[in-house]
Amino acid sequence: GVLYLTHGLKRFKALRRLTLDLPSGITDRGLFYLAKGLPNLNSLQKIYFRFCYCAQFTDAGLVPLSQALKKLILVKRIQLQFLHLDQAVAAEKGVKKLNGSFNRLSRLESITLPESFNMSDQSLSRMNFKRLASLEKVYFVFSKSPKLTDIGICFLAKALNRLPNLQRITLKFWECPEIGDLGLHYIWKMMKGLTGLQKISLQFSHCLKIT
C-alpha cells in the first residue's frame, strides 16, 4: 500500500507540506518505500508524521527514514509523533539515526516530538543541533521511559545549548523514574545560556527521584 502512495507522491514536485497519519499495519518494508520516495519531494517545507499503535515495524525501519529526511534541505518545520511503539522506539539504532538527521536540515525553525515512548540515554546521544542556527522552537515529550536518566538529559541539554536563536522551549517528561535532581541541573545550566528565550515550559510528572 505504501508503495502506491510513494509512486503517487513523486508527481507533486512543488509540494510544500506533507501530513501522514500512518496505518497501524505499516512494516519496515513500508517505511523503506516511504523513505525511498521522500527525497523526490525536494520542495517540502513542513513534515508531519504520526506513528500510532504501529506494532508491525521495528527500530530498523527508522534508519532509511532518517536517511531520507536529512536530504530534504528546505524543511522548516518537522513533527514526528511516536505513540505506543514498543518495538520501534525501545531499540536504539533507528532513533539515534533519526535524532542525528535533524542537524542536516539547516533551515529548520521548529522541531516537535509530541509523544516519544521508551526513550533511553543512547536514544538521545546523537542529538546534534549545532548547524541549526534558524531553530526557534522545540517541543519534546518523553513518556514512560524507564531507561532515560540524567545522562540522557545531559545529552539533550548540550544539544539545545548550541541554539543561539531558540525562543520557545517545551520539555515534558512523564513517568521517567530515573530522572533526578542532576537532570534538572543540566536543564537549568542549558537555559542560562539561551538568553533569547521568550517562553519556557517544563513538566516532570512521576519523575520520583526529583526532590
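Of all the residues that make up the stretch 168-200, how many are in a helix (DSSP H, G or I) and among the hydroxyl-bearing types (Ser, Thr, Tyr)? Walk me through it before giving the result.
Filtering the stretch 168-200 down to residues in a helix (DSSP H, G or I) leaves 181-192.
When the remaining residues are screened for being among the hydroxyl-bearing types (Ser, Thr, Tyr), the result is 186.
Adding up the residues that qualify gives 1.
Out of all the residues in the stretch 199-211, is one or more under 13 Å from the mean Cα position of the chain (by Cα) and polar (S, T, N, Q)? Within the stretch 199-211, none of the residues are under 13 Å from the mean Cα position of the chain (by Cα) and polar (S, T, N, Q). Going through (1) closer than 15 Å to MET191 by Cα; (2) in contact with a Pro (Cβ under 8 Å, 6 or more places away or on another chain); (3) of a type outside the set (Lys, Arg) one by one, ALA159 falls short only on (2). Any idea which residue in the stretch 173-211 is least open to solvent (accessible area, probe 1.4 Å), counting only those that are modelled with pLDDT under 95 and among the charged types (D, E, K, R)? The extreme case among them is GLU175. Apart from one condition, PHE140 fits all of (1) over 21 Å from THR195 (Cβ atoms); (2) in contact with a Pro (Cβ under 9 Å, 6 or more places away or on another chain); (3) open to solvent by less than 70 Å² (accessible area, probe 1.4 Å); the exception is (1). Counting only helices (runs of 4 or more DSSP H) that sit wholly inside the stretch 55-133, those with at least 1 residues that are open to solvent by 20 Å² or more (accessible area, probe 1.4 Å) and at pLDDT 75 or above are 62-69, 93-101, 121-124. Within the stretch 119-132, which residues are closer than 15 Å to VAL75 by Cβ and of a type outside the set (Phe, Trp, Tyr)? ARG131, LEU132 - these are the residues of the stretch 119-132 that are closer than 15 Å to VAL75 by Cβ and of a type outside the set (Phe, Trp, Tyr). Filter the stretch 151-171 for residues that are under 16 Å from SER205 (Cα atoms) and surrounded by 18 or more Cβ atoms within 10 Å (Cβ to Cβ) and give the result. Passing the criteria: ILE153, LEU171. Scanning the stretch 26-53 for residues that are surrounded by 16 or more Cβ atoms within 10 Å (Cβ to Cβ) and touching a Leu at 6+ places or on another chain (Cβ under 6 Å) yields a total of 10.
Within the stretch 21-68, the set of residues being in contact with a Phe, Trp or Tyr (Cβ under 6 Å, 6 or more places away or on another chain) and of a type outside the set (A, V, I, L, M, F, W, C) comprises SER24, THR27, ASP28, PRO64. Sort out which residues of the stretch 25-35 are over 11 Å from LEU5 (Cα atoms), more than 19 Å from the chain's Cα centre (by Cα) and part of a helix (DSSP H, G or I), and write them in order of number. Residue satisfying the conditions is ARG29 alone.
Taking SER145, is it assigned to a loop (DSSP other than H, G, I, E, B) and open to solvent by 10 Å² or more (accessible area, probe 1.4 Å)? Answer is no for this residue. Being at negative phi, touching a helix residue (DSSP H, G or I) at 6+ places or on another chain (Cβ under 7 Å) and among the acidic types (Asp, Glu) is the requirement here; does ASP181 meet it? It is false that ASP181 is at negative phi, touching a helix residue (DSSP H, G or I) at 6+ places or on another chain (Cβ under 7 Å) and among the acidic types (Asp, Glu).
The values are calculated or read from the model by the stated rules, or taken from the named source; none is laboratory data. These numbers were taken from a predicted model, which means no experiment stands behind them. All Cβ positions, glycine included, derive from the backbone under ideal geometry; neighbour counts span all protein chains shown. Please note that ligands, DNA and RNA were not included when accessible areas were found on the heavy atoms of the full protein model with its side chains. Shrake-Rupley method; radii C 1.70, N 1.55, O 1.52, S 1.80 Å.
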